[in-house]
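Working notes, beginning with the structure itself.
Read-outs: derived from the displayed coordinates by stated rules, not from any lab. Keep in mind that this is a model prediction, so the values were computed, not measured. All Cβ positions, even for glycine, are placed from backbone atoms using ideal geometry, and neighbour counts span all protein chains on display.
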Ligand code: PEP
Ligand code: MG
């Protein structure tokens, strides 16, 4: 029986009507990669590389980063590894970088913006990533992209580092976590292989509610129809360009979120490692046609509570 459970864990999640949704892991270090595979993860949809930079006195050098990324890609044994480039700033403080204080850090120099201010850090990281890409399927993902010229610049720097390192091109994608990126998604989609929706930040920016605010954060639900409409626009833009869309924010691993996001056309859910088996089981018990109906109705709801009610109704009918 335990053996059976184990085998099932490694099977893909296919809905009752035969539609596959990939379930990948969010990880924050080399030690997590093996755990992600063990839990049934079909790869890593988000490696938050900034974690390698926290709780220390100086940034990790190229060699240290290379070893960490190589360990991950080896542990994954052929499964894809999406490395998100540095996402420092906002809520993630790195004292030794001595960055100027900001009145509104979430609207400040964070994510890809910081990588442009500190191109030295960005290039070192890209060298390490690209060297590790010789060992297995690594994809690069840029965080906090708000406009097409930022993507163009990130790609140009990556390409210049790639020529220096002398490796084959790797697939690149972007986080969709800023409303302007949603509105520009058709243009952005032309230059990447995938999108991954960061519902944590997208929710905070769409609802104008600080994700860490003691009063507001609990009310900032990623299942708000305003956020779901952004997801819908993103998926439609991606389809036009023929690229896939994943989601890696907290609601991807929430049962209601997993149903609605899949129903909107998100085909990869990247979730915390302990949530992987439950999300796969949920998808296997569901028909995509039902998820699509609920998702369509969710777009017409007035608030997140109504959306959650719709999904509860569907799951109750399915027992
Ligand atoms: C997000 O914003 O949803 C996300 C996945 O990234 P992070 O939580 O690291 O900002
Ligand atoms: Mg984010």
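Observations, loosely collected:
- Counting neighbouring beta carbons within 10 Å and listing from fewest to most, the residues 141, 209 come out as 209, 141.
- Residue order, fewest to most beta carbons within 10 Å, for 98, 180, 262: 98, 180, 262
- FRET efficiency estimate (nearest 0.05) - Cβ-Cβ, residue 98 to residue 187, R0 35 angstrom: 0.50
- Gyration tensor over alpha-carbon atoms, region 35-144, equivalent ellipsoid semi-axes in Å: 26, 15, 12
- Shape of region 169-243, Cα gyration tensor, a/c cut at 1.5: prolate
- Relative contact order [Cα under 8 Å, 6+ residues apart], region 107-235, whole percent: 20
- With one equal scatterer per alpha carbon and no solvent term, the Debye-computed log10 I(q)/I(0) for region 152-293 at 0.09, 0.14, 0.18 1/Å reads -0.31, -0.70, -1.03.
- Pairwise centroid distance, computed over Cα atoms, of region 267-319 with region 25-74, Å: 29
- Relative contact order of the chain, defined on C-alpha pairs under 8 angstrom at six or more residues apart (%): 19
- Each listed q (0.17, 0.24 Å⁻¹) maps to a log10 I(q)/I(0) for region 219-291 from the Debye sum over equal C-alpha point scatterers, namely -0.61, -1.14.
- Region 89-160: Cα Rg divided by the 2.2 N^0.38 Å rule of thumb: 1.19
- Mean ellipticity per residue at 222 nm, deg cm²/dmol - from DSSP H runs of n ≥ 4 across the chain, formula -39500 (n - 2.57): -14000 deg cm²/dmol
- Taking all pairs of distinct alpha-carbon atoms in the chain, Kirkwood radius in angstrom: 19.9
- A simple spin-label model places pseudo-atoms 7 Å from Cα toward Cβ; at residue 64 and residue 160 they are separated by 2.6 nm.
- Degrees separating the helix 288-299 axis from the principal Cα axis of the chain, which is the longest one: 80
- Spacing of the modelled spin labels on residue 55 and residue 281, each 7 Å from Cα toward Cβ, amounts to 3.0 nm.
- Footprinting exposure proxy for 248, 301 (fewest neighbouring C-beta atoms within 10 Å first): 301, 248
- DSSP beta bridge pairing in the chain, given as percent antiparallel to the nearest 5: 10
- Percent of C-alpha pairs per 10 Å bin in region 58-209, short distances first: 11, 40, 37, 13, 0.
- The angle separating the long axis of helix 119-132 from the principal Cα axis of greatest extent in the chain is about 70 degrees.
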